[in-house]
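The block underneath contains the structure these notes are about, expressed in structure tokens.
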Amino acid sequence: MKRYMVWGVIFSIMMLSYGLLFVAQERAFEQGYTQLKPVPSAQMMRIVTGYGRQLMAEVTFVQSAVFLGGIPASIDHTTYMPTLAHNYKAIAALYPKFNDTYYYAQSFLAGFDEASTKAANDVLAIGWAAYPQSPLYPFFQAFNHFSYLQQPAEAADIFFKASHVPNAPPGFAHMAVLLKAEGGELEASLYSLQVLMRATDDPHRREMYSKE
């Protein structure tokens, strides 16, 4: 019983510290714009925080979210994007199961410039490793490769790997084929389409593959 009481006190102190830090950050941004600060490397934070790494990751995430919500229109986005990318990577490495990190990384990093988009894909790779059954994170990665980085072959590879995940959307295999053709691997794509045609009994899907 005493042990549970001790853990309850520790948890209460951690939550109080979390709330006070959030309020302090919010007030600081209300008083004036403050440049986003990079956090230490994930390896260093793991050593320092120990079992508190989840809390550290969430505090860092809140700090970045508060920062993004208070940026004046006059601020050049390029001044803070590398720091934001660094922080999201650190958050994901500290607490891979925290899904919000991947959504924010995709929303704020992907498509901004080449370096930021590659950073977003690095963060999403951690998410896919943490949730290997999820089709969302490889989809984001492939989309970034194809739409923002003009790398259809890399996108095709990701779609192909993701198509083997249990219950993966059937469109993943089809997208892999199309993007291989876009990347110059036309012969392989034609062969793959023939395989897909033979593998399905759906007449509408067979017609679609035939047209492709």
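The values are calculated or read from the model by the stated rules, or taken from the named source; none is laboratory data. Note that the structure is predicted; figures quoted are calculated from it, not measured. Note that each Cβ is placed from the backbone with ideal geometry, even for glycine, and that neighbours are counted across all protein chains shown. The area values use the complete protein model at the heavy-atom level, side chains included, leaving out ligands, DNA and RNA. Shrake-Rupley method; radii C 1.70, N 1.55, O 1.52, S 1.80 Å.
Here segment 89-212 is assigned +1 on the Cβ of each Lys and Arg and -1 on the Cβ of each Asp and Glu. Its dipole about the Cα centre then comes out at about 280 debye.
Over segment 71-212, what percent of the accessible surface lies on carbon and sulfur atoms, probe 1.4 Å? If you can, show how the numbers build up before the last one.
Numbers: 4290 of 7530 Å².
With neighbouring chains kept in place, the figure for segment 71-212 is 57 percent.
Full extension of the segment from Leu186 to Gln54, taken as 0.36 nm per residue of separation minus the current Cα-Cα distance, would add 42.9 nm. Remark: segment 114-181 carries 46 Å² of accessible area per residue (probe radius 1.4 Å; ligands, DNA and RNA excluded). Remark: accessible surface ordering of Val195, Val123, Val62 (largest first) is Val195, Val62, Val123, probe radius 1.4 Å.
Approximating the spin labels as points 7 Å out from Cα along Cα→Cβ, the Tyr103-to-Ala153 distance works out to 3.6 nm. Taking segment 131-173 and a reference point 7 angstrom along Cα→Cβ of Met197, no backbone N atom is nearer than 12 Å.
Counting 0.36 nm for each residue step from His204 to Thr83 and taking away their Cα separation leaves a gain of 38.7 nm.
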